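K.L.:
Once you've had a glance at the structure underneath, I'll fire off some questions.
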Amino acid sequence: MPKIYITIDNKSFTVESGKTILEVARENGIQIPALCYHESVSHNTSCFVCVVKDTKSGRFLPSCAAMANDGMVIESESEEVRDMRQTALNLLLSEHTGDCEAPCTIACPAHARVEEYVRAGRNKNMLEALKIIKQRIPLPMSIGRVCPRFCEKDCRRNVSDKPIAINDFKRLAADMHYESYLEDLPELNGKKVGIVGAGPGGLAIAYFLRLHGIASDLYDKMPKPGGMLRYGIPEYRLPKKILDTEIAHFDKMGGITIQCGQKLGDNLDLKELEHKYDAVAITIGSWKPSPMRAEGEELAKGGIQWLEKIALNGWSGENPGKTIVIGGGNTAMDCVRTSVRLGSSEVYCYYRRTEKEMPAEQIEIDEAREEGVNFEFLTAPVRLSEKNGKKILTCIRMELGEPDASGRRRPVPINGSEFDVEADTVIAAIGQQTIAPDCLSTNKWGDIDVNTENFQMADKIFSAGDCVSGPATVVEAVAGARRAALGIIAYLKDEQFKESYTINVSRGHWQSLRSDDLVYLREIRKSDRQKSHLIPLIERKTTFKEVTKTFTLDEISTEGERCFECSCTAKNDCKLKDFSEMYNAHPEAITGEKRRYDFDTRHPSIILDRNKCVKCGICVKVCKEVVNQSLLGFKYRGFETHISTAFGNVLPQSCSDCGKCIEACPVGALDWKQKS
């Protein structure tokens, strides 16, 4: 073969003629992405993801088919080329439909690999489940008890019955193995970070830093670490013995110390921390009760402060008598249920919307009602006064109007509907706010103002948790803390951190619970969700014993069998996903009608999901040119074109022993049903 001279990205090569630009590039270590290229079949030239620019002619060429010519000067990584590849990928994504990741994982604020740890639980491998969980959730014992279960709300099992009891997998995995488990940790690298606040946010930052060899000292204003986990969540939901076990793990990891009784702006100085540490993280939480905006509200107790006082007293206190709690969130539920346990025979929850709009978890509402709590909906406080040692709460009836910014219908007062009610204790559990010292920069809501990309507040100061997001959940605080930790790690390396772009291709409605949107990999039958084991009602009402018990291993395994496993079977080796993330392509960049195809699961071990197919044609050619069969082909033309089996028949059983088309498919449109 004669030799030719070609330049790619300013590097010159002498190569044999008769090769494509892609072949020349790859032989010389230059990686050009390609979807429709396969070395075993003839050229397809259908995806144009492998496009390069011929600088002499100005033309953009598909490198998988364009032949290398003598004297060519090629650009494979210029901005123009990258833009062309992004456009090609956007076009492919505009027709490609299907979830890369399971909705449960997408819904989880920490993006824990839910499907994977549920699968491990189904196989009774709870140690493996714990390892998967701890990649994103450093407090599984606590979160396994108190998480509001974002994942379960979007569980596709809702299509047929009730969602998987996902949270209980975290709880059992941690309860079984936490005291003996220790991560594979790197040596400490000499860097150290000062963390103000030893609640879930601060502990999570310390954890993720330690996974990268960075030590930390945590400082907390309270007598013991744990933050809201210890002083805001009642004992019956999270026993503090469990929390102590979890916090002891941080000492076992090494390189993490906790000092209590240290308050920023009091006996802890920010400037001194900046001088002492390589970086500083602020995770002070949101401890100030939000106002009721009612006359005389100073006579009411703030919900979170009331719970804190009881926690400091070992979860005991005086009988609050007839108690009215204002609010509809989880803190309000904690307050009413704590009042019951302290001996109150009359406990009421007043909420200005209906039960449907309550932000509290339904399980919390249901269990509060079982324990004797009375609910008054469409009721709002107007003023609070005191007479003869009793609190007199004046309220007004409400009706729902148009939706507000939260998406919930706005409560509107009904004129002339005011009424008075007498109580011994009134607790305002409307919400919480951040109390930020003057040394910290805050936004208009009073929360710490940070760069949302890396959670950096100032030069070497970072922040995360409720004090940044506003009052949220423990799992949300942990998720933000991880990003802050990654921001700190990048800062210590003198790099600019930006969260990597992750594509989750969908049909435009991945939250859909329509059965038509599901691809079933095996026969699915309706099955009952494992019921929680509650302690007797009399114990629930008179003690602070933990309300629910942990599932057994057999129960978790049975519950795991209910999982649909609805993420993409090829999510870990999908070229379209990898290249789309590489070039920041997006499924919504080009909008329009998406053709809806049926999926074929008739074969016992192979699935053909045409909705994922990008029509590259590799499977057709591999079957014909490599296997010497014609079992797959294109059907129809134009917008209706799709891959189909010959005469619409089921793929033969012998395909189970071949799988060449599956190995070649770049997107998982053809795949094995059984996930590894």
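The values are calculated or read from the model by the stated rules, or taken from the named source; none is laboratory data. Please read all numbers here as calculations on a predicted model, not as lab measurements. Note: ideal-geometry Cβ built from the backbone for every residue, glycine included; neighbour counts use all protein chains shown.
K.L.:
Testing GLU298 on (1) buried (at least 17 other Cβ atoms within 10 Å of the Cβ); (2) in a helix (DSSP H, G or I); (3) not basic (Lys, Arg), one condition comes back false. Which one is that?
P.N.:
(1)
K.L.:
Taking only the stretch 347-383 into account, find how many residues are of a type outside the set (A, V, I, L, M, F, W, C), in contact with a Lys or Arg (Cβ under 9 Å, 6 or more places away or on another chain) and in a loop (DSSP other than H, G, I, E, B).
P.N.:
Total meeting the criteria: 6.
K.L.:
Hey, can you tell me all the residues within the stretch 13-70 that are without any contact (Cβ under 8 Å) to a residue 24 or more places away in the chain, outside any loop (DSSP other than H, G, I, E, B) and β-branched (Val, Ile, Thr)?
P.N.:
THR14
K.L.:
Does the stretch 536-558 contain any residue that is out of contact with any strand residue (DSSP E or B) (no Cβ under 8 Å at 6 or more places or on another chain), at pLDDT below 95 and either not assigned by TED's automatic domain parsing to the domain that holds MET176 or not small (Gly, Ala, Ser) (or both)?
P.N.:
no
K.L.:
Test of understanding: among ALA332, ALA300, ALA311, ALA294, which residue is in contact with a Cys (Cβ under 7 Å, 6 or more places away or on another chain), touching a residue at least 60 places away in the same chain (Cβ under 8 Å), of a type in the set (A, V, I, L, M) and outside the structural domain of CYS147 (by TED's automatic domain parsing)? Steps first, answer last, please.
P.N.:
Numbers: ALA300 fails: in contact with a Cys (Cβ under 7 Å, 6 or more places away or on another chain); ALA311 fails: in contact with a Cys (Cβ under 7 Å, 6 or more places away or on another chain); ALA294 fails: in contact with a Cys (Cβ under 7 Å, 6 or more places away or on another chain).
That would be ALA332, the only listed residue that is in contact with a Cys (Cβ under 7 Å, 6 or more places away or on another chain), touching a residue at least 60 places away in the same chain (Cβ under 8 Å), of a type in the set (A, V, I, L, M) and outside the structural domain of CYS147 (by TED's automatic domain parsing).
K.L.:
May I pose another question? Taking the condition free of Cβ contacts under 8 Å to residues at least 60 places away in the same chain and part of a strand (DSSP E or B), does GLU386 pass?
P.N.:
Numbers: free of Cβ contacts under 8 Å to residues at least 60 places away in the same chain: no; part of a strand (DSSP E or B): yes.
Criteria not met by GLU386.
K.L.:
Could you check the stretch 593-652 for strands (runs of 3 or more DSSP E) lying wholly inside it with 1 or more residues that are of a type in the set (Phe, Trp, Tyr)? Walk me through how you get there before you give the answer.
P.N.:
Working: elements: 606-609, 632-635, 642-645.
Here the list reads 632-635.
K.L.:
Still on this model: In the stretch 403-428, what count of residues is obtained for those that are within 27 Å of the chain's Cα centre (by Cα) and either modelled with pLDDT of 95 or more or loosely packed, with under 13 Cβ neighbours inside 10 Å (or both)?
P.N.:
Adding up the residues that qualify gives 5.
K.L.:
Looking at this structure, is VAL626 farther than 30 Å from ALA165 by Cβ, buried (at least 20 other Cβ atoms within 10 Å of the Cβ) and either among the β-branched types (Val, Ile, Thr) or modelled with pLDDT of 95 or more (or both)? Give the steps one after another, and end with the answer.
P.N.:
Details: farther than 30 Å from ALA165 by Cβ: yes; buried (at least 20 other Cβ atoms within 10 Å of the Cβ): no; either among the β-branched types (Val, Ile, Thr) or modelled with pLDDT of 95 or more (or both): yes.
In short, no.
K.L.:
Can you find a residue that is closer than 30 Å to ASN451 by Cα and surrounded by fewer than 18 Cβ atoms within 10 Å (Cβ to Cβ) anywhere in the stretch 279-289?
P.N.:
From the stretch 279-289, those closer than 30 Å to ASN451 by Cα are 279-289; that's our starting set.
Filter once more, keeping what is surrounded by fewer than 18 Cβ atoms within 10 Å (Cβ to Cβ): 288.
Yes: the stretch 279-289 contains one or more residues that are closer than 30 Å to ASN451 by Cα and surrounded by fewer than 18 Cβ atoms within 10 Å (Cβ to Cβ).
K.L.:
Return a yes/no flag: does the stretch 403-417 have any residue that is among the hydroxyl-bearing types (Ser, Thr, Tyr) and assigned to a loop (DSSP other than H, G, I, E, B). Lay out the reasoning, then the answer.
P.N.:
The first filter runs over the stretch 403-417 and keeps only residues among the hydroxyl-bearing types (Ser, Thr, Tyr), leaving 406, 417.
Next cut, assigned to a loop (DSSP other than H, G, I, E, B) only: 406, 417.
Checked the stretch 403-417: at least one residue is among the hydroxyl-bearing types (Ser, Thr, Tyr) and assigned to a loop (DSSP other than H, G, I, E, B).
K.L.:
Answer yes or no as to whether TRP306 is closer than 14 Å to ILE233 by Cα, assigned to a loop (DSSP other than H, G, I, E, B) and touching a residue at least 24 places away in the same chain (Cβ under 8 Å).
P.N.:
Values: closer than 14 Å to ILE233 by Cα: yes; assigned to a loop (DSSP other than H, G, I, E, B): no; touching a residue at least 24 places away in the same chain (Cβ under 8 Å): yes.
So TRP306 fails the test.
K.L.:
Can you find a residue that is at pLDDT 95 or above, under 20 Å from PRO109 (Cβ atoms), surrounded by 13 or more Cβ atoms within 10 Å (Cβ to Cβ) and touching a strand residue (DSSP E or B) at 6+ places or on another chain (Cβ under 8 Å) anywhere in the stretch 488-509?
P.N.:
Yes; the residues of the stretch 488-509 include at least one that is at pLDDT 95 or above, under 20 Å from PRO109 (Cβ atoms), surrounded by 13 or more Cβ atoms within 10 Å (Cβ to Cβ) and touching a strand residue (DSSP E or B) at 6+ places or on another chain (Cβ under 8 Å).
K.L.:
I'd like the full set of residues that are within 26 Å of ARG119 (Cβ to Cβ) and out of contact with any Leu (no Cβ under 8 Å at 6 or more places or on another chain), limited to the stretch 623-663.
P.N.:
Scanning the stretch 623-663 gives SER656, ASP657, GLY659, GLU663.
Conditions tested, residue by residue: (1) over 20 Å from HIS111 (Cα atoms); (2) within 17 Å of the chain's Cα centre (by Cα); (3) assigned to a strand (DSSP E or B).
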position: ILE435; (1), (2), (3): yes, no, no
position: GLY446; (1), (2), (3): yes, no, no
position: GLU453; (1), (2), (3): no, yes, no
position: MET457; (1), (2), (3): yes, no, yes
position: GLY480; (1), (2), (3): no, yes, no
position: ARG483; (1), (2), (3): no, yes, no
